[in-house]
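Have a look at the structure below, then the notes.
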Amino acid sequence: NWSGSLIVASLTGAFGSSFLYGYNLSVVNAPAVYIKKFYNETWERRYGFSVDESTLTLLWSITVSIFAIGGLVGAIIVTPIVKFFGRKCTLLLNNVFAVTAALLMSLSLLAGSFEMLILGRIIMGVDAGISLSALPMYLSEISPKEIRGSLGQVTAIFICIGVFTGQVLGLPEIFGQESRWPYLFGAIVVPSLIQVVILPFLPESPRYLLLEKHNTSKAEKAFQTFLGKDDVSHEVEEVLAESRIQRNTKLVSILQLLRTRAVRWQVITVVVTMGCYQLCGLNAIWYYTNNIFSEAGINHETIPYVTLSTGAVETLAAVFSGLVIERLGRRPLLIGGFGLMVVFFAVLTVSLTLQKTVHWLPYLSIFCILAIIASFCIGPGGIPFVLTGEFFQQSQRPAAFMIAGTVNWLSNFAVGLLFPFIQSGLQTYCFLVFAAICFAGATYLFFVLPETKNKTFHEISQAFAKRNKVSLEMQEMNHCSGERKSSAEQESNFTSSVDNGETKKGIV
């Protein structure tokens, strides 16, 4: 099932999209001291006096957190973009944001303008907000259902690889020096250019071509390219059957989706999983890492190299999840990941609280950090994106990804805003808050989430029908709320496509 075109499309799409998201999460850590010094020197040159500590802290906080604001903007505008340009073209056009951001941030030191760095961060956030919706949408629509989960995990794997790459390039021997830190941001151009060169030679999503553009000829060729076979009549018929159920391929708005009873629990589940994805405390782990390594007696100069272990563990766990997701399923990996995080958060709290009384407890803290990262990447790190692509029909998917993206980025911003207050108030007990969130998420998913492995989009909708308290017939009617076409009118549309010679006669 893994054709060469499918592999190239997934790797190229992820390298220029989710990789950059992960890279920009970690890239600001290594040069933080040098960037703050740059801010201070720029302020002194302009105003004749050094910036006070509180203002410098504010500027740095804005630089880091503004990335999430840009992500929220990207998540909001992605729906009309993917509707008009398509999934693949959206990924290509999104590179304009990435290249613009890279130029602004890498030239900020030369121009003596910290505003350019902040503006570049928010533009890079817009790029991430668009890509984290468009990429999972594209991957879920080009892959056969038998490997949809594994292909969807490519998003999470490349986020982890991006984080690890940011850590490696930030080492003092590479770009982690005062004169070289702008190169860390200039490197963003490389994945973007690679995507721009390769992705145009690959087809658009066949489901998008068939259901939204009604171009059966191109859809058939796209299926043939991605599946690596000539006879794709079964796949085309499967998509057409979904369209007949919907009766109408007009995109559903967010408000319409929220009002649709037949997908009520799908929407709630996406909101819960995306909320827990950001609120589960992984950002707090990154905050504590250097301090815990220092408490364990690791030399300060050695800590950046030891920190690489966190990125390596993250990447290996994500790869492992991609290899086993089609065997174990989404449900056990997601629930198990949150469950393991609860256990290790509890142990970490005890370890941090007592680590000054027992000499070996700091090493237990290090183990807990690595275990929490691995538990997150096994399930919660990537499966929420896969589920968002699987829960909804073609006409509902862009609106669903906008809701998921909005929850994702708002939760991201909330963690950055509230965590310092939680940490100062609860100290090491702050991790119990995250343990409670993980426990609540695992409990909800245990009772609500059905297994979606190896199921068609329509079969997944059927699995939610009873919980949504709608019959299958009622559910099918709800997919076409609003301006529905009559059955005869819809059939004539499909017949006209066949008459134009765009597909084989036996398909309909």
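The values are calculated or read from the model by the stated rules, or taken from the named source; none is laboratory data. This structure is a prediction, so every number in the text was calculated from the model and none was measured. Please note: Cβ atoms are built from the backbone with ideal geometry, for glycine as well, and neighbour counts cover all protein chains shown. These accessible areas exclude ligands, DNA and RNA; they are computed on the full protein's heavy atoms, side chains included. Shrake-Rupley method; radii C 1.70, N 1.55, O 1.52, S 1.80 Å.
Is the stretch 151-173 home to any residue that is open to solvent by less than 20 Å² (accessible area, probe 1.4 Å), among the polar types (S, T, N, Q) and outside any loop (DSSP other than H, G, I, E, B)?
Checked against the condition, which is being open to solvent by less than 20 Å² (accessible area, probe 1.4 Å), among the polar types (S, T, N, Q) and outside any loop (DSSP other than H, G, I, E, B), the stretch 151-173 yields at least one hit.
Listed residues F391, F431; which is crowded, with 21+ Cβ neighbours inside 10 Å and either within 17 Å of the chain's Cα centre (by Cα) or in the same structural domain as R148 (by the TED database) (or both)?
Of F391, F431, the one residue that is crowded, with 21+ Cβ neighbours inside 10 Å and either within 17 Å of the chain's Cα centre (by Cα) or in the same structural domain as R148 (by the TED database) (or both) is F391.
Restricting to the stretch 363-393, give me the number of residues that are free of Cβ contacts under 8 Å to residues at least 12 places away in the same chain and under 12 Å from V270 (Cα atoms).
0
Take the residues of the stretch 423-439 that are in contact (Cβ under 8 Å) with a residue 24 or more places away in the chain and among the aliphatic types (A, V, I, L, M): which is nearest to V342 (Cα to Cα)?
Going through the qualifying residues, I end up with A435.
Residue check: is F457 modelled with pLDDT of 85 or more and not aliphatic (A, V, I, L, M)? Walk me through it before giving the result.
Working: modelled with pLDDT of 85 or more: no; not aliphatic (A, V, I, L, M): yes.
Spelling it out, it is not the case that F457 is modelled with pLDDT of 85 or more and not aliphatic (A, V, I, L, M).
Yes or no, residue by residue, for (1) within 25 Å of I122 (Cα to Cα); (2) of a type in the set (K, R); (3) open to solvent by 70 Å² or more (accessible area, probe 1.4 Å):
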residue	(1), (2), (3)
I7	no, no, no
L11	no, no, yes
A30	yes, no, no
K36	yes, yes, yes
T42	yes, no, no
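If you check every pair at least six apart or on different chains, which have Cβ atoms under 7 Å apart with a residue in the stretch 9-22 that is over 14 Å from L193 (Cα atoms) first and a residue that is open to solvent by 10 Å² or more (accessible area, probe 1.4 Å) and not in a helix (DSSP H, G or I) second?
Partner pairs satisfying both residue conditions: A9/L202.
Looking at (1) open to solvent by less than 60 Å² (accessible area, probe 1.4 Å); (2) over 20 Å from the mean Cα position of the chain (by Cα); (3) within 21 Å of V343 (Cβ to Cβ), which one does A442 not meet, given that it meets all the others?
So the condition that A442 fails would be (2).
Determine, yes or no, whether I372 is within 21 Å of G162 (Cα to Cα), assigned by the TED database to the domain that holds L282 and open to solvent by less than 10 Å² (accessible area, probe 1.4 Å).
yes
List the number of the failed condition for T357; all other conditions in (1) open to solvent by 10 Å² or more (accessible area, probe 1.4 Å); (2) β-branched (V, I, T); (3) part of a helix (DSSP H, G or I) hold.
Only one criterion in (1) open to solvent by 10 Å² or more (accessible area, probe 1.4 Å); (2) β-branched (V, I, T); (3) part of a helix (DSSP H, G or I) is unmet by T357, namely (3).
Would you mind finding the one in L340, L364 that is at pLDDT 90 or above, more than 16 Å from V272 (Cα to Cα), open to solvent by 10 Å² or more (accessible area, probe 1.4 Å) and part of a helix (DSSP H, G or I)?
Just one listed residue meets the conditions, L340.
Could you check the stretch 394-414 and list, in sequence order, the residues that are open to solvent by less than 10 Å² (accessible area, probe 1.4 Å) and among the hydrophobic types (A, V, I, L, M, F, W, C)?
Scanning the stretch 394-414 gives A399, A400, F401, A404, W409.
Specify which of the listed residues (I123, I147) is over 21 Å from E326 (Cβ atoms), open to solvent by 10 Å² or more (accessible area, probe 1.4 Å) and of a type in the set (V, I, T).
After applying the criteria, what remains is I123.
Looking only at the stretch 394-422, which residues are of a type in the set (A, V, I, L, M), closer than 13 Å to Q278 by Cα and touching a residue at least 60 places away in the same chain (Cβ under 8 Å)? Spell out how you get there, then give the answer.
Here is the first cut: in the stretch 394-422, the ones of a type in the set (A, V, I, L, M) are 399-400, 402-404, 407, 410, 414-415, 417-418, 422.
Among the residues that remain, those that are also closer than 13 Å to Q278 by Cα are: 404, 407, 410, 414-415, 417-418.
A404, V407, L410, A414, V415, L417, listed by residue number.
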